[in-house]
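Written below as C-alpha cells is the structure these notes are about.
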Amino acid sequence: MADLQDWISIGREMINDRERRIHRAKKWKFDTVATHGLYDIQQALTQNNGSIMEPVYMSPAQAYADTAEMEAALSYQMPTWCYSRIANPSTYFLEEVIALLETYGTSIEASGLCTSSGMSAIRTATDPFLVKDNSLPPPNIVSCAKVYGGTFQQFWVRRHEEQGVDVRWIHNPFDLEEWRSAIDEGTRFVFGEFPSNPSLSIFDIEKVAGLAHQMNSPLIMDTTCASPALTRPLTYGADIVVHSASKVLSTSGTSISGLLIARKNIISKVGCDDMKSDFAVWAKLWPYRDNGPSLHPLGAIMTLNDMRTLRMRIAHMSKTAMSVSKYLESHPRVFRVNYPGLNSFKGHDLAQKYMKLADSGEPMFGYMLMVEIGEDHPDSSVNTRKFYDGLDMIWRATDLGRVKTVATLNAISTHQQQGETGRKLAGIHPNTVRISVGIENPDDIIADLDQAFDCI
Ligand SMILES: *Cc1c(COP(=O)(O)O)cnc(C)c1O
C-alpha cells in the first residue's frame, strides 16, 4: 500500500512531467502551442482512451485510491483537482495554453486561471491587492478612465461608492506625468485596457509598468480586444493579464468565460510570499476556492477549441477591419473613425509598437473600430439611428469578437447606465457606433454598411 510519502513522490513526478511538456511547447510556434498545448498522444493513450481532443470532465469531484492519496492531495502536497470549484482536468488544459500564449517567444514563466466571466477575472485579479494593511496609507487604485463599462462599474460603484476605495482615473493615458502623479505609496495596483473597449484608447505599456513598479505596485492589464495573437503585456513588463474569453477567444459565441494570467514573481506591496511568487496558482488554491468564480469545464474546452485558430482569425479580421475603416473614413456621412491602424489614430506609433501579429511581426490592429456618424458635427443621433436600423446582415447587439460582424450603439446600451459624465469620460457620444468585424468577406460587410448609409 502506498503511504503519504509515496503519493508525494508520485506528485513530484507529475510536476516533472508537466514541466517537460511546458519545455516542449515553449519551442513551438504560436499556432502549434494553441493547437496542442500540453495535451499529447501519450496522455491520450494512458488517460483518455486515445481521444485526440482534450477530455471534458463534467464531474464535480475526483476520487482517491486511499487515505494517503486523499491526505497528500487535499493538503496540496501533490497536484490534484479534487473539486471542480478549485480545479478540473479540462480547465487545466485551457489555463496552460493561455499561460504559454501570453509569454510566447520569451523565457517568462506564467500561470493561468479560468474564471466564470471576464468580470470575475478582473475581480479575482484585483481583490487580493486591496487587503487590509495598517502599515500602509489608505488603498487607492489607479486606472485608465477609458475602460469597459463593467470594469468602470466594478471599480467605481462596487469599490469606491460601496467600499470607499479611492479610485484615481487617468484621463489622458498618453500623459506619463498624469500617471506619475496618481501612483503613490497607497496605490495597490495600476490598471489599463489595451486597446480599450469601445474607445480604443492605448498607452505606453513599458513606461506605465515602470512607473507602477517604482511605487511597488503591479500593472494589471485587460487585453481582451487585442488578444495574445497581437499584444502580450507580460512581455512588456506587466504583472497580470485578464481576458474576457467570452469575446474573440471563444469567437463562435458558446460561453461566458474569463482568464487571468500572472507571471511568476509579481511586484506588490501587500500579500504573502506565495501570492507574489505564483499569483494565479495561489489565487486558485485560496481566494478563488473560497469565492467560487470557477468556469464550467465544457465552456473551457469550447473556448480552447476556438483558440486554436486565434492567430489566423485575428490576421484575417484585422485586415478586414482595416479595409472597413478606410471605407468609413472616406464616406461623406462619417464624422470620424477610430481605429489603431489608421494614420489619423491618436497613438498610431504606439499601436505599431505594441500590436504585432505573433510570428510574423507585422503590425496589425484587431477587429474593433468606432465610427461617429454625421457629416460635419458629432451629434447627429437621429441619422445615427437611421443608419443603425438600416443594417441588414450586420447584427445589432452588445457583443464583440465574434465570427459574425456586430454593431453596437453604445450610448443607449453598454454605456447607458454610466450617465452623461460617465459617457463623456469614456468618449461615447450619441453618434458613436462600435463595429466588431467578423470573418465574412470584406466586400459584403462594406456593401451592408453602404446600404445602411443610404437609409439616412
Ligand atoms: C466584455 C469585456 C469584459 C467583461 O467580460 P465578461 O466575460 O462579459 O464578463 C471585460 N473587459 C473587456 C475589455 C470586455 O470587452
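Suppose each label sits 7 Å from its Cα in the direction of the beta carbon; what would the residue 174-residue 136 distance come out to in nanometres?
A separation of 3.2 nm, rounded to one decimal place.
Report, to one decimal in Å, the Kirkwood hydrodynamic radius for the chain based on all distinct Cα pairs.
This gives a value of 22.9 Å.
Between residue 75 and residue 43, what is the spin-label point distance in nm, taking each point 7 Å from the Cα along the Cα→C-beta axis?
Label at residue 75, label at residue 43, 2.8 nm between them.
Please report how far the C-alpha centroid of segment 133-176 lies from that of segment 317-351, rounded to the nearest whole angstrom.
30
Could you pull the Rg and Dmax for segment 116-174, using just the Cα atoms, both in Å?
Here Rg and the maximum Cα pair distance are 11.9, 34 Å.
Angle, helix 310-329 long axis vs. longest principal axis of the chain, Cα atoms, 0 to 90°, nearest 10?
Result, in degrees: 10.
Can you put 159, 263 in order, fewest other beta carbons within 10 Å first?
159, 263
Relative to the longest principal axis of the chain, what angle (0 to 90°, nearest 10) does the C-alpha long axis of helix 4-26 take?
40
Give me the lysines in straight-line cross-link reach of residue 386: C-alpha distance below 24 Å, same-chain residues under 8 apart excluded.
326, 404, 424
Once you have the Cα-Cα distance between residue 27 and residue 65, take 0.36 nm times their residue separation minus that, and quote the gain in nm to one decimal.
So the extension gain works out to 10.1 nm.
If a/c stays under 1.5 just call it rounded; otherwise compare a/b with b/c (prolate if a/b is bigger, oblate if not). Do that for segment 310-453, with a ≥ b ≥ c from the square roots of the Cα gyration tensor eigenvalues.
prolate
Select from 315, 330, 391 the residue farthest towards the positive end of the dipole of segment 310-453; place +1 on Cβ of Lys and Arg, -1 on Cβ of Asp and Glu, and compute about the Cα centre.
Farthest along the dipole direction, towards plus: 315.
Run the helix sum for the chain: -39,500 (n - 2.57) per DSSP H stretch of 4+ residues, divided by residue count, reported at 222 nm to the nearest 500 deg cm²/dmol.
-11000 deg cm²/dmol
Scale the Cα Rg of segment 159-259 by the rule-of-thumb value 2.2 N^0.38 Å and send over the ratio, two decimals.
Cα-based Rg divided by the globular estimate yields 1.13.
Could you give the size of the charge dipole of the chain about its Cα centre, using +1 on the Cβ of each K and R and -1 on the Cβ of each D and E, expressed in debye and rounded to the nearest 20?
Its charge dipole is roughly 320 debye.
Once the Cβ-Cβ distance between residue 107 and residue 454 is put in as r, and R0 is 60 Å, what FRET efficiency do you end up with, to the nearest 0.05?
The formula returns an efficiency of 0.65 here.
Per residue of segment 296-303, in order, report the coupling 6.51 cos²θ - 1.76 cosθ + 1.60 (Karplus, θ = phi - 60°) as ³J(HN,Hα) in whole Hz, putting x for Gly and Pro.
Residue by residue, segment 296-303 yields 5, x, 5, x, 5, 6, 5, 5 Hz.
Quick one, what does Rg over Rh come out to for segment 1-154 if you take C-alpha atoms and the Kirkwood Rh?
That ratio equals 1.03.
All of the numbers you see were taken from the coordinates with simple rules; none came from a lab. Please read these numbers as outputs of a predicted model, since none were measured by experiment. Heads up, the Cβs are rebuilt from the backbone with ideal geometry, glycines too, and the neighbour counts pull from every protein chain shown.
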